[in-house]
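Trainee: Just passing along the structure, written as structure tokens.
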Amino acid sequence: MVDKMVSVIFQPNNQSIEIPLGETILTAAKKAGIILNIPCGEHGKCGKCVVLVLSGKITKKGIFHEKIFTQEELDQGYCLACQTKVKGNAKVYVPNESIVTNQKILVKCVGSEIKINPSIKQIIVNIAPPKNYSNLSDMDRLLAELNKHYSESKISIPFALLQKLPQLLRENNWKVEVTLESIVQGFVEVSEISKVKNQELLGLAIDIGTTTIAINLLKLSTGEIIDTTTAINSQMIYGEDVITRIHFASSSEQNLKKIQELLINDINNLIKGFSVDSNDIKAVSISGNTVMSHLLLKVNPSYIWKEPYTPVFRHLPKIKASKLGLNIASSAFVYILPCVSSYVGGDIVSNMLLSELHLKEKPSMLVDIGTNGEIVLGCSSWILSCSVPAGPALEGAEVQCGMRAAVGAIEKVSLDYLSLDPVFSVIGEGKPTGICGSGLVDILAELFRANVLTKAGRLKMGGNRRIRKGEHGLEYLLLEGSETQTGKDIILTEYDISNLLKTKGAFYAGYLILLKSFGLSFDDLDSFYVSGGFGNNLNIKASITIGLFPDIPHERIKFLGNGSLGGARIALLSREKQIEAEELSRTVTNIELSNNYEFMDEYTLASFIPHTNLELFPTIELLVKKGGIKN
């Protein structure tokens, strides 16, 4: 029986899509390629996928519509795309704030000096023509010339190139350009043989994040970045977090293929934007978390989230770009940075390469703050890692007015400590839509420093108009609806604060678990490295105040920027760094925290501002004793 199809027209772009009767508006949006905000994984509780049904028959499911919308808004046609089924032809308006777009994507990172020695090389060889008295073959004489450059490696020539070799040598008067790739240590493969072109070798360094993709186009001879481009990861159509994507990809071979193709198409579309011939791109280095690496290769990731949390692979041989469907030189090889565990991926190995944490005598700590936060502690003698289930609060989910760092997000906030009036900056400089993670950290810290927020995350009523009773307890009024894009008040509720404290508590508990494993304290650290787009925008003082960062001298807290992209770039430009990355990932000992009772104890203690044990935060302890800051 064929499903009855209905039409959904999306405004303001007048895009028409057909879906089976009874499917959700979100399903239609996915088919249309519209990436809606669904940080709760399509359960309806986040209230971020708001749309306005202009016409058509629909049915609303679940319990969240009445909690999120007023009766007037429901009567007007506002609903949640993930919780609304289409029962006939419909016309739907999608507000800009419901779409994942215009996100602020970090591409800069700290510098790192390396000796440029890419794994790919082009060599011009002159081969002596054959002689009657010699039994040497064409291949023998070519390998003899190449071995002058690779005396310690075994060189192989693929069969397809061997078939073309006699014509290439004779047509070019025995002078050819040979492209070679170091596959693994001690083994080199000829990837291309051609007439001498003397063209610049180009390569791509790619950071595949759960939310975004960033690419550097580089000259391999000098390391010069020719161009940089970014995009939203279209896989977000099937879930904003890795667990949701694992479920989708694991449900069928077709879904696994579909989610991989989205990623490959994103990368190919970005490559199209470069003003170079894509056939001149001969090498690729890719950094991403373990799940992204599996989805890139169309490898079933289902066992990553099931105990005992086992990935299919951690290390991979290089792969031909053509096998992945990348539209660059067919002979190009792709290097994927190795993973440590299911939730400590190649992006963290990249960050370690960039920070050089593993080369220092004194231990340092590295943290990548996200929904699944990764933490590394180590030095030249040993390295520990863990992944903390932090939750998405700092990325805008589970916070009523939270959002990602996109246009319209409030990203920095300071308060007048008497009036509690805010001074803030907005991404895009227009009217604000909501608050992104760095802004949320600022507000928490400022409210605490103003002595209107308790250690337990409770707001204090004291006659100030900005602290008021809301639908679910007390809330702080940041902006009234007349000052916002949406026409709605931007607030921070006690429920929001609770979610934020749980998130920051998970990170601090993870820090302590790693330190205690070696009997160390924060005073023993050489540096505390912070990586990633969210971390890069954090205010050190505010982050220490709420207990997201340790209370150590500010100069020891160092921001890496996009360490994943930086590490991919290092690996692209240095064969030695590729080898170092492989060895480094094997030396890391990962601690699993999901069933760690000590972690749960530390998590409970850390879910306060800044912590139940104020001795861990001496500068904040002084603030508390003074009763906050007064103007």
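Trainee: Could you check what % of the DSSP bridge pairs in the range 5-98 are antiparallel, to the nearest 5?
Mentor: Bridges in the range 5-98 are about 80 percent antiparallel.
Trainee: For D3 and E583, FRET efficiency with R0 = 35 Å and r from the beta-carbon atoms, rounded to 0.05?
Mentor: According to the calculation, E is roughly 0.05.
Trainee: Also, I was wondering about something else. Run through the range 187-262 and list the GluC sites (Glu not before Pro) located in a DSSP loop whose Cβ has at most 16 other Cβ atoms within 10 Å.
Mentor: The qualifying sites are E200, E224.
Trainee: To continue, here is another question. Sticking with the crude label model, points 7 Å out along Cα→Cβ, report the distance from K31 to V110 in nm, one decimal please.
Mentor: 5.0
Trainee: OK, next. Which of the three applies to the range 321-426, rounded, prolate or oblate, going by the alpha-carbon gyration tensor with a ≥ b ≥ c and a/c under 1.5 meaning rounded?
Mentor: Oblate is the answer for the range 321-426, as a/c is 1.5 or above yet b/c matches or exceeds a/b.
Trainee: Hey, what angle do you get for helix 437-449 against the long axis of the chain, alpha-carbon based, 0 to 90 degrees rounded to 10?
Mentor: Compared with the principal axis, the helix lies near 40 degrees.
Trainee: Another question about this same structure. Nearest 10 degrees, 0 to 90: what angle lies between the long axis of helix 494-517 and the longest principal axis of the chain (Cα atoms)?
Mentor: Taking the Cα atoms of the chain, the angle to 494-517 is about 50 degrees.
Trainee: So, one more: Restricting to the chain, what percent of DSSP beta bridges are antiparallel, rounded to 5?
Mentor: 70
Trainee: Computed FRET efficiency, Cβ-Cβ of Q71 and E483, R0 30 Å: what is it to the nearest 0.05?
Mentor: It comes out at approximately 0.75.
Trainee: Using a/c under 1.5 as the rounded threshold, could you call the chain rounded, prolate or oblate? The axes a ≥ b ≥ c are square roots of the C-alpha gyration tensor eigenvalues, and prolate needs a/b larger than b/c, oblate otherwise.
Mentor: Oblate, because a/c is 1.5 or more while a/b does not exceed b/c.
Trainee: Another question about this same structure. Picking from C40, G77, V92, whose Cα lies most toward the positive end of the charge dipole for the range 5-98 (charges on Cβ: Lys, Arg +1; Asp, Glu -1)?
Mentor: C40
Trainee: Anything over 18 Å Cα to Cα? Flag those among K30/K85; K282/K318; K154/K282; K4/K57, in the order listed.
Mentor: K154/K282
Trainee: About the Cα centre of the range 5-98, how large is the charge dipole given +1 on each Lys and Arg Cβ and -1 on each Asp and Glu Cβ? Please answer in debye to the nearest 20.
Mentor: In total the dipole reaches around 260 debye.
Trainee: Expressed in nm to one decimal, what extension gain is obtained for the pair S302 and S151 from 0.36 nm per residue of sequence separation less their Cα-Cα distance?
Mentor: Using 0.36 nm per residue and subtracting the Cα-Cα distance, I get 50.0 nm.
Trainee: Would you mind pulling out the separation of the Cα centroids of the range 347-405 and the range 553-579, in Å?
Mentor: The range 347-405 and the range 553-579 have Cα centres separated by 13 Å.
Trainee: List C339, C379 from most exposed to least, where exposure is judged by having the fewest other Cβ atoms within 10 Å.
Mentor: In increasing order of surrounding Cβ atoms, one gets C379, C339.
Trainee: Using a cut-off of 17 Å between alpha-carbon atoms, which aspartates and glutamates can reach K148, once sequence neighbours fewer than 8 places away in the same chain are excluded?
Mentor: The qualifying aspartates and glutamates are D138, D140, E177, E181, E189.
Trainee: If you count, for each residue, the other Cβ atoms within 10 Å and average over each peptide, how do 453-464, 156-167 line up from highest to lowest?
Mentor: Sorting 453-464, 156-167 by mean packing, highest first, produces 453-464, 156-167.
Trainee: Continuing with this model, one more query. Tell me, what is the FRET efficiency for N255 and I99 to the nearest 0.05, using R0 = 35 angstrom and their Cβ-Cβ distance as r?
Mentor: Computed FRET efficiency for N255 and I99: 0.95.
Each value in this text was obtained by applying a stated rule to the coordinates, not by laboratory testing. Not measured: the values here are computed from a predicted model. Virtual Cβ from ideal backbone geometry, glycine too; neighbours counted across all protein chains shown.
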